[in-house]
Amino acid sequence: LYVDKQRLKDNMSLSHGTLMSSHVLLALVDKGLSREDAYKIVQRVSHSLKQGQNLQSALQKDAECKRYLTAADLKKIFSGQKHIQSIEKRFKGLKKEMRF
C-alpha cells in the first residue's frame with residue numbers, strides 16, 4: 001500500500017484548516033488554558049471564517065490566540081505532520097500484523 005503524502009496534504013487542505021482545529025485546541029490547553037476557554041477561541045474563530053478563508057491565517061490574526069500561540073506554533077500544527085506520522089505508524093503496525 002502506498003500513501004501519497006502530497007495528495008494527502010492536498011485533501012487535508014480542502015477543509016481550509018478546520019481539520020486541525022482539535023490540534024489547535026490541544027495546543028492552547030498545553031499553553032495553560034482550560035479546555036473550555038481553548039474551545040471558545042477555536043469555535044469563535046472557526047465560526048467567523050468567510051468562504052475561502054483559512055483557519056490558520058484567521059488564528060494568526062486573532063489577538064486572543066496570539067497571546068498563546070505564535071505563528072511558528074500554528075505553522076507546525078497546520079503542517080499536518082501529526083496526521084502523517086499517525087497514518088505511517090498505523091500502516092507499519094498493519095504490515096507487521098500481516099507479516100509483510
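Residues that are more than 17 Å from the chain's Cα centre (by Cα), more than 30 Å from Gln6 (Cβ to Cβ) and in a loop (DSSP other than H, G, I, E, B): does segment 64-86 have at least one? Yes, segment 64-86 contains at least one residue that is more than 17 Å from the chain's Cα centre (by Cα), more than 30 Å from Gln6 (Cβ to Cβ) and in a loop (DSSP other than H, G, I, E, B).
Condition check: in contact (Cβ under 8 Å) with a residue 24 or more places away in the chain and under 15 Å from Phe78 (Cβ atoms). Does Leu49 satisfy that? Show your work before the answer.
Numbers: in contact (Cβ under 8 Å) with a residue 24 or more places away in the chain: yes; under 15 Å from Phe78 (Cβ atoms): yes.
The answer is yes for Leu49.
Contact map, segment 14-37: residues that are farther than 24 Å from Lys50 by Cα paired with residues that are small (Gly, Ala, Ser), Cβ distance under 6 Å, separation 6+ or inter-chain. Pairs shown: Val29/Ala38. In the set (1) open to solvent by less than 100 Å² (accessible area, probe 1.4 Å); (2) in a helix (DSSP H, G or I); (3) at pLDDT below 90; (4) not polar (S, T, N, Q), the condition left unmet by Gly52 is number (2). Can you find even one residue in segment 93-100 that is among the basic types (Lys, Arg), open to solvent by 40 Å² or more (accessible area, probe 1.4 Å), modelled with pLDDT under 90 and outside any helix (DSSP H, G or I)? Taking every residue of segment 93-100 in turn, at least one turns out to be among the basic types (Lys, Arg), open to solvent by 40 Å² or more (accessible area, probe 1.4 Å), modelled with pLDDT under 90 and outside any helix (DSSP H, G or I). Look at (1) crowded, with 16+ Cβ neighbours inside 10 Å; (2) part of a loop (DSSP other than H, G, I, E, B); (3) modelled with pLDDT under 90 and you find that Tyr2 fails only one, number (1). Scanning segment 20-46 for residues that are open to solvent by 40 Å² or more (accessible area, probe 1.4 Å) and either within 14 Å of Ala58 (Cα to Cα) or hydroxyl-bearing (Ser, Thr, Tyr) (or both) turns up Ser22, Ser34, Tyr39, Gln43, Arg44. Before we move on, is Ala63 at pLDDT 95 or above and surrounded by fewer than 18 Cβ atoms within 10 Å (Cβ to Cβ)? Here the answer is yes, as Ala63 does meet what is asked.
Residues checked against (1) in contact with a strand residue (DSSP E or B) (Cβ under 7 Å, 6 or more places away or on another chain); (2) in a helix (DSSP H, G or I); (3) at positive phi:
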| position | (1), (2), (3) |
| --- | --- |
| Leu8 | no, yes, no |
| Asn11 | no, yes, no |
| Ser15 | no, no, no |
| Leu19 | no, yes, no |
| Gly32 | no, no, yes |
| Val45 | no, yes, no |
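The values are calculated or read from the model by the stated rules, or taken from the named source; none is laboratory data. Note that this is a predicted model, so its numbers are computed, not measured. Cβ coordinates were reconstructed from backbone atoms using ideal geometry, including for glycine residues, and neighbour counts include every protein chain displayed. Side chains are part of the model used for accessible areas, which takes the heavy atoms of the whole protein and leaves out ligands, DNA and RNA. Shrake-Rupley method; radii C 1.70, N 1.55, O 1.52, S 1.80 Å.
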